Amino acid sequence: MTDFGDSDLGDFEEFGGSGSGDSGGAENSGDSGNAGGSGSTGDASGGGDDSAVGGGGDPDSGFAQFAMAAADAGTAEALGTISVAQGLRVSEDGDETSLQAFVTAGNREEVRIGTYLLVPYPDGETLFARITALEYAQEFQTDDATELTARRRMQGGRDGFTEADYKFVAELDPVAVLFSDGDGDEAELKRRMVDRVPKPGALVQQATDAEQIKTGLAIPEDGVFLGHLSVGGETVRTAAEPATVDYRLKDDYADGDPLVFRHTLVAGGTGSGKTHAAKNVLRQYLDRTYEMDDGRDANAGVVMFDPQDEYAQMHDDNDAVDADWQRRLEREGISHGGHDDTVALVPKEAGVSYPGTGHRAEQVEFTVPFSIVDDYDMPWLVAGASLNENQYPALTRLLNRFFRNYDGGTYQQFLSFLDDPALKEELDESGRVHEATFDAVKRRVRSIPSGIFDQDAKPITDLDTTLVRPGGLTVIPTYHLSSSRAKEMFVLAVSAMLVDDKLSNDPNSARVDETPLVLGMDEAHNFLAAADNVQARKVIQTFTEAAKQGRKERLGLFLITQDPQDVADAVFKQVNTRLVLNLGDEDAISSVNIPPSLAEKVPYMEKGQMVVYSPDNSEPVEVTGLPVCVTRHGD
C-alpha cells in the first residue's frame with residue numbers, strides 16, 4: 001500500500017506536480033483529488049490515465065490552466081472554494097440545504113465554527129453565510145486506519161500528518177444575499193433572504209468588511225450599544241478602524257417601536273459579568289431621547305431596584321477608564337463616565353439603617369404609606385402568600401370599608417379596625433364575611449413585617465418627581481432590609497405604582513406618565529415568579545399588562561436574573577431582547593429559548609461574553625461586552 005503520509009513523498013502538491021496526472025490543483029480547486037483518475041480508484045498518482053487532465057497532461061490544456069489558476073489564487077484572497085462533492089443546494093427548508101466549502105491547507109487554521117463568510121455570485125451579488133460544521137475527510141480512496149500507517153505516523157509524531165492528504169470541508173449556513181441598491185455614491189447595501197445557489201468552485205472569503213457583516217446579520221448601524229460581535233469568544237476583526245463590529249439595538253421609530261420598550265432580559269450565573277453588562281447598557285439609555293405622543297422628544301428615566309447596592313455606583317467614574325479608553329469609547333459613540341443625576345432612593349424600615357458608603361450619589365429616604373393600597377388599588381400588597389380565593393375577596397371588602405371611614409388611613413389604624421369585635425360580628429351575621437375567614441385575614445395582615453408602612457420619611461407617593469426624572473437614574477437599594485418579605489413589599493409597591501401611572505388613563509403622577517421609563521429589576525425571579533397564590537397571580541397580571549402595553553406607553557422592563565426559568569412565563573413571553581451570559585444550569589439555558597447552536601455555547605462563555613437573541617433587531621449572534629465598566633463597578 002502507498003502511505004500518503006510518508007515524508008519521503010512530500011505533500012500532495014509536490015507529488016501532483018510530478019507530471020503524472022495533474023492532480024496538484026485538487027487541493028485548491030475542491031474535490032479534484034477524488035476525480036483525479038477517470039474511473040480509477042482515485043489513487044493520488046493520477047493512475048496513468050492522462051486523459052483525466054486533458055491533452056495527456058499538457059500544461060497548456062484548459063483543465064490544467066484552470067487547476068493552476070486555482071492553485072495560484074493567494075489564500076489571502078480566499079479560504080477555499082464551493083464544493084459539490086455532496087451536492088450543492090439551498091432550500092426554504094434549512095434541513096434540506098447542502099452547502100459546503102473546501103478549505104485549502106494554508107487557511108485551515110484560520111476558520112472556526114461561527115466564522116462569517118462571503119461567496120460572490122457572477123453578477124455582483126454576494127452570499128453571506130456562517131460556518132456551522134468543520135470536517136476532515138479522506139482525500140483519496142485508501143484506508144489510513146492500518147497498522148503500517150499508524151506505526152509510521154506514531155514514529156513521525158505530528159510531522160507524519162500532511163494536510164494535503166485530507167480534504168477540510170466547512171459546512172455553511174446561508175444567512176442572506178447581499179446586493180447593491182442604487183448606482184454610484186447613492187448605492188446602498190441591502191440584504192434579502194437566500195433565494196439562489198452559488199456557483200460550483202466559487203471563491204469563499206472570510207467576511208472582513210463591517211458594512212457587509214452588519215448588513216448580513218441585520219445589525220442596525222445606530223442604536224444602543226451592547227458589545228462587539230464575536231465568534232467563539234474572539235472578537236470579529238475587520239479591515240476598518242476601529243477593527244471591531246459594534247452590536248447595537250434598534251432605538252428609533254423607523255421600523256417600529258424602539259426595542260427598549262419591548263423589554264430586555266439579562267440572564268447569567270454568578271461571576272458571569274451580568275451586573276457589569278447591565279450597567280453598561282443602562283448607562284447608554286440615560287443619554288437617549290424618545291418621541292412622545294404629543295410630539296415632544298423626552299429623555300428617558302431609569303429606575304433600578306438593586307438588591308446588592310451596586311447600581312448607585314453608576315454615579316461615580318471608573319478609574320480604569322483612562323484617556324485611551326475614553327478616546328476609544330467616544331470614537332464608537334459609547335456613553336461613559338459617572339452619571340451625575342443619580343439618586344439613591346432608600347426604603348425606610350423601622351430598626352434598620354442603610355450604610356450607603358459604596359457610592360457618592362445623593363440619598364433620599366422614603367416610606368410606603370399604607371394609603372397606597374387604596375390610591376393604587378393594590379390590596380394584594382397586604383395579602384401575603386397564603387390567602388386563598390375565598391379570603392382575598394374578604395380582605396378587599398375590609399380594605400374598602402376601612403378607607404371609606406379612614407381617608408388616608410395608616411397600617412396601625414387598619415389593625416385597630418380589624419380588632420373591633422362588633423365589625424366581625426356584623427359581617428358574619430350579614431353573610432358578607434364568615435367569622436373564620438375574618439380571623440384568617442386578620443392573621444395574614446398582622447404577619448406583615450413590622451416597620452414597613454408609614455415610617456418617619458417622606459411618602460413615596462409624594463416623591464414622584466424624585467423617583468422619575470427625565471435623563472435621571474434612580475436606584476432603590478434593598479440589601480439592607482430585614483427580610484425577603486420586606487424587600488418584596490417595597491419592590492412590588494413602588495414598581496406597581498410606576499406601572500399603574502404609566503398605564504392608567506387617569507394617572508396620579510403626570511411626571512411618570514410623561515417620561516419614557518426603563519424599569520430595571522435585578523434578581524427579577526424573586527418578584528416575578530409564577531406561583532399558585534393570589535398575590536403572585538395579581539403581581540404577574542400587573543406586569544404582564546405592563547409588558548404588553550409598554551411599547552405604546554414608553555415603558556421598558558429591564559429584567560436581570562440568574563434563574564430565568566423562575567420568571568413567570570406570561571411576562572417572559574413579552575420580552576423581545578435576551579442577553580444570555582454564562583449559565584451552567586440546563587433548565588435555565590432551555591428556558592431562555594435561544595437557537596440550539598448558540599445555546600450549546602452558553603456553558604462555556606467566559607466573563608462578559610453573551611449570546612444576544614433579539615429577533616426584531618438582528619440574526620442571533622455572539623457578542624463580547626466591554627472589558628471595562630463605563631461607570632464605577634465594584635470596590
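The values are calculated or read from the model by the stated rules, or taken from the named source; none is laboratory data. Here the structure is a predicted model, which means the values were calculated and not measured. Here Cβ is always computed from backbone atoms with ideal geometry, including for glycine, and neighbour counts include all displayed protein chains. Surface accessibility is based on the protein's heavy atoms, side chains included, excluding ligands, DNA and RNA. Shrake-Rupley method; radii C 1.70, N 1.55, O 1.52, S 1.80 Å.
Quick one: how many residues across region 103-132 are outside any loop (DSSP other than H, G, I, E, B) and either modelled with pLDDT of 95 or more or β-branched (Val, Ile, Thr) (or both)?
Going through region 103-132 one residue at a time, the tally reaches 13.
Quick one: ARG485 ticks every box in (1) under 32 Å from the mean Cα position of the chain (by Cα); (2) crowded, with 20+ Cβ neighbours inside 10 Å; (3) not hydrophobic (A, V, I, L, M, F, W, C) except a single one, so which number is it?
(2)
Give the residues of region 179-205 that are part of a strand (DSSP E or B) and aliphatic (A, V, I, L, M), sorted by residue number.
The initial filter retains those residues of region 179-205 that are part of a strand (DSSP E or B), namely 179-181, 188-192, 203-205.
Selection gives LEU189, LEU203, VAL204.
Considering only residues that are aromatic (Phe, Trp, Tyr) and in contact with a helix residue (DSSP H, G or I) (Cβ under 7 Å, 6 or more places away or on another chain), which ones fall in region 88-112?
Taking region 88-112 first, the residues aromatic (Phe, Trp, Tyr) are 102.
Once the filter is applied, which keeps residues that are aromatic (Phe, Trp, Tyr) and in contact with a helix residue (DSSP H, G or I) (Cβ under 7 Å, 6 or more places away or on another chain), region 88-112 yields nothing.
Filter region 239-258 down to residues that are outside any loop (DSSP other than H, G, I, E, B) and touching a residue at least 60 places away in the same chain (Cβ under 8 Å) and give me whichever is farthest from the chain's Cα centre (by Cα). Outline the logic, then answer.
At the first step, the residues of region 239-258 found to be outside any loop (DSSP other than H, G, I, E, B) are 246-249.
Imposing the further condition that a residue be touching a residue at least 60 places away in the same chain (Cβ under 8 Å) reduces the set to 246-247, 249.
Values: ASP246: 14, TYR247: 11, LEU249: 10 Å.
Here the answer is ASP246.
Quickly run through region 337-368 and pick out the residues that are in a loop (DSSP other than H, G, I, E, B), open to solvent by 10 Å² or more (accessible area, probe 1.4 Å) and within 19 Å of GLU488 (Cα to Cα).
LYS348, ALA350, GLY351, VAL352, SER353, TYR354, listed by residue number.
Taking region 76-96 on its own, how many of its residues are of a type outside the set (D, E, K, R) and under 31 Å from the mean Cα position of the chain (by Cα)? Give the derivation first.
Of region 76-96, the ones of a type outside the set (D, E, K, R) are 76, 78-88, 90-91, 94.
With the extra rule that they be under 31 Å from the mean Cα position of the chain (by Cα), the set shrinks to 79, 90-91, 94.
Counting residues in region 76-96 that are of a type outside the set (D, E, K, R) and under 31 Å from the mean Cα position of the chain (by Cα) gives 4.
Looking at region 294-308, can you tell me whether even one residue there is part of a loop (DSSP other than H, G, I, E, B) and closer than 27 Å to SER483 by Cβ?
Our first condition is that a residue be part of a loop (DSSP other than H, G, I, E, B); within region 294-308, this holds for 294-296, 300, 307-308.
In the following step, the residues that additionally are closer than 27 Å to SER483 by Cβ were identified as 307-308.
The answer is yes; a qualifying residue exists.
So THR357 passes all but one of these: (1) more than 23 Å from ASP407 (Cα to Cα); (2) touching a residue at least 12 places away in the same chain (Cβ under 8 Å). Which condition number does it fail?
With (1) more than 23 Å from ASP407 (Cα to Cα); (2) touching a residue at least 12 places away in the same chain (Cβ under 8 Å) applied to THR357, the lone miss is (2).
Quick check on my filter: what residues within region 335-366 are in contact with a strand residue (DSSP E or B) (Cβ under 6 Å, 6 or more places away or on another chain) and β-branched (Val, Ile, Thr)? Working first, answer last.
Going through region 335-366, the residues in contact with a strand residue (DSSP E or B) (Cβ under 6 Å, 6 or more places away or on another chain) turn out to be 339, 342-346, 348, 354, 356, 361-366.
If the condition is that a residue be in contact with a strand residue (DSSP E or B) (Cβ under 6 Å, 6 or more places away or on another chain) and β-branched (Val, Ile, Thr), then THR342, VAL343, VAL346, VAL364 are the ones that fit.
So how many residues does region 259-293 have that are in a loop (DSSP other than H, G, I, E, B), of a type outside the set (Gly, Ala, Ser), surrounded by fewer than 24 Cβ atoms within 10 Å (Cβ to Cβ) and touching a residue at least 24 places away in the same chain (Cβ under 8 Å)?
Count: 5.
Quick one: would you say GLN326 is closer than 30 Å to VAL602 by Cβ and either open to solvent by 70 Å² or more (accessible area, probe 1.4 Å) or not in a strand (DSSP E or B) (or both)? I'd like the intermediate steps shown before the answer.
Working: closer than 30 Å to VAL602 by Cβ: no; either open to solvent by 70 Å² or more (accessible area, probe 1.4 Å) or not in a strand (DSSP E or B) (or both): yes.
Spelling it out, it is not the case that GLN326 is closer than 30 Å to VAL602 by Cβ and either open to solvent by 70 Å² or more (accessible area, probe 1.4 Å) or not in a strand (DSSP E or B) (or both).
Return the pair list, or none, for Cβ contacts closer than 7 Å from residues in region 484-497 that are under 16 Å from ASP309 (Cα atoms) and in contact (Cβ under 8 Å) with a residue 40 or more places away in the chain to residues that are open to solvent by less than 10 Å² (accessible area, probe 1.4 Å) and polar (S, T, N, Q), at least 6 apart or on different chains.
Within 7 Å, the pairs are LYS487/THR478; PHE490/THR478; VAL491/THR478.
Does VAL602 qualify as being in contact (Cβ under 8 Å) with a residue 60 or more places away in the chain, of a type outside the set (Gly, Ala, Ser) and open to solvent by less than 60 Å² (accessible area, probe 1.4 Å)?
Numbers: in contact (Cβ under 8 Å) with a residue 60 or more places away in the chain: no; of a type outside the set (Gly, Ala, Ser): yes; open to solvent by less than 60 Å² (accessible area, probe 1.4 Å): yes.
So VAL602 does not fit the description; no.
Test ASP506 against the criterion of being touching a Pro at 6+ places or on another chain (Cβ under 8 Å) and open to solvent by 30 Å² or more (accessible area, probe 1.4 Å), and give yes or no.
Working: touching a Pro at 6+ places or on another chain (Cβ under 8 Å): no; open to solvent by 30 Å² or more (accessible area, probe 1.4 Å): yes.
Considered against the rule, which asks whether it is touching a Pro at 6+ places or on another chain (Cβ under 8 Å) and open to solvent by 30 Å² or more (accessible area, probe 1.4 Å), ASP506 comes out as no.
Out of region 518-552, which residues are among the charged types (D, E, K, R) and surrounded by fewer than 21 Cβ atoms within 10 Å (Cβ to Cβ)?
The first filter runs over region 518-552 and keeps only residues among the charged types (D, E, K, R), leaving 522-523, 532, 537-538, 545, 548, 551-552.
Hits for region 518-552 are GLU523, ASP532, ARG537, LYS538, GLU545, LYS548, ARG551, LYS552.
What are the residue pairs meeting all of these: first residue in region 586-597, first residue within 20 Å of ASP173 (Cα to Cα), second residue open to solvent by 60 Å² or more (accessible area, probe 1.4 Å) and assigned to a loop (DSSP other than H, G, I, E, B), Cβ atoms under 9 Å, and 6 or more apart or on different chains?
Correct list of pairs: SER597/ILE113.
Go through (1) part of a loop (DSSP other than H, G, I, E, B); (2) β-branched (Val, Ile, Thr); (3) crowded, with 18+ Cβ neighbours inside 10 Å for THR208 and report which single condition fails.
(3)
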